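A short write-up of the structure that comes next.
The values are calculated or read from the model by the stated rules, or taken from the named source; none is laboratory data. Remember, it's a predicted structure, so these values are computed and weren't measured experimentally. So basically every Cβ, Gly included, is an ideal-geometry build from the backbone, and we count neighbours across all protein chains shown. Please note that ligands, DNA and RNA were not included when accessible areas were found on the heavy atoms of the full protein model with its side chains. Shrake-Rupley method; radii C 1.70, N 1.55, O 1.52, S 1.80 Å.
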Amino acid sequence: MHEDLILLIGQNIKSKRTEKNITLEELANRAGVTKGLISQIENNRTVPSLPVLFNLIHGLQEDVKTFFDDMHEHFTNGHVLIIRKGEEKAFEKEPVKGFSYKRILTKSVMAQAVDFVLLELKKGAVRRQMIRTDAFECKHVLKGKIEYEIEKEKFTLDAGDTLFFDGRARHRLRNIGNSDASMLVVYFF
């Protein structure tokens, strides 16, 4: 299985769940897993085991072939891929007010998965809890002023600044500027 396909699984599960108006709790009951696990899968914080994945697909009342066919077009491009402005796909990585994520590109490069995301933060937006990811993270501030807290250190980033760190370290961020902010985020899995 391609690493970029793995990243798209969570996105596809969430998309199908929300299209069908199935709550996290309802899908968890159908699949025999916890709501927390589904949330982690949908937000690419963990990868489901094969039995869990099949239980989730069944819980969504989807055919396995159809579930993966929906992602097939992602793998049929040639040597050049252009993502035009507005073609990025919005997704919710976490329910934090003022955060707007847009996936630009997920692609395997030399057998490593790389996920490119545009994160827009409303003025005053803040993640209150510390989180961890299973990826190295590179954040490039496009506009605004961001404060990152990683473990016990705080870093202030302005437009043009780049931050790279191991996402397994506890971290959170907030927009400390006087306007909206945006960042290009690259996850290396």
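Tabulated results
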item	result
Scope the stretch 112-125; condition crowded, with 17+ Cβ neighbours inside 10 Å and farther than 16 Å from GLY177 by Cβ; matching residues	ALA113, VAL114, ASP115, PHE116, VAL117
Among residues of the stretch 126-144, those that are crowded, with 19+ Cβ neighbours inside 10 Å, closer than 18 Å to ALA159 by Cβ and modelled with pLDDT under 95, counted	2
Leading residue by the ranking (least open to solvent (accessible area, probe 1.4 Å)) among those in the stretch 35-67 that are modelled with pLDDT under 85 and basic (Lys, Arg)	ARG45
Residue check, THR133 touching a residue at least 60 places away in the same chain (Cβ under 8 Å) and either of a type in the set (S, T, N, Q) or in a strand (DSSP E or B) (or both)	yes
Of all residues in the stretch 136-189 being outside any loop (DSSP other than H, G, I, E, B) and of a type in the set (Asp, Glu), the one that is farthest from ASP115 (Cα to Cα)	GLU153
Pairs, first hydrophobic (A, V, I, L, M, F, W, C) in the stretch 143-164, second in a strand (DSSP E or B) and open to solvent by 60 Å² or more (accessible area, probe 1.4 Å), C-beta under 6 Å, six or more apart	ALA159/LYS143
Yes/no for LEU157 being open to solvent by 60 Å² or more (accessible area, probe 1.4 Å) and farther than 25 Å from ILE41 by Cβ	no
Some residue of the stretch 69-90 being surrounded by 15 or more Cβ atoms within 10 Å (Cβ to Cβ), among the aromatic types (Phe, Trp, Tyr), modelled with pLDDT under 80 and not in a loop (DSSP other than H, G, I, E, B)	no
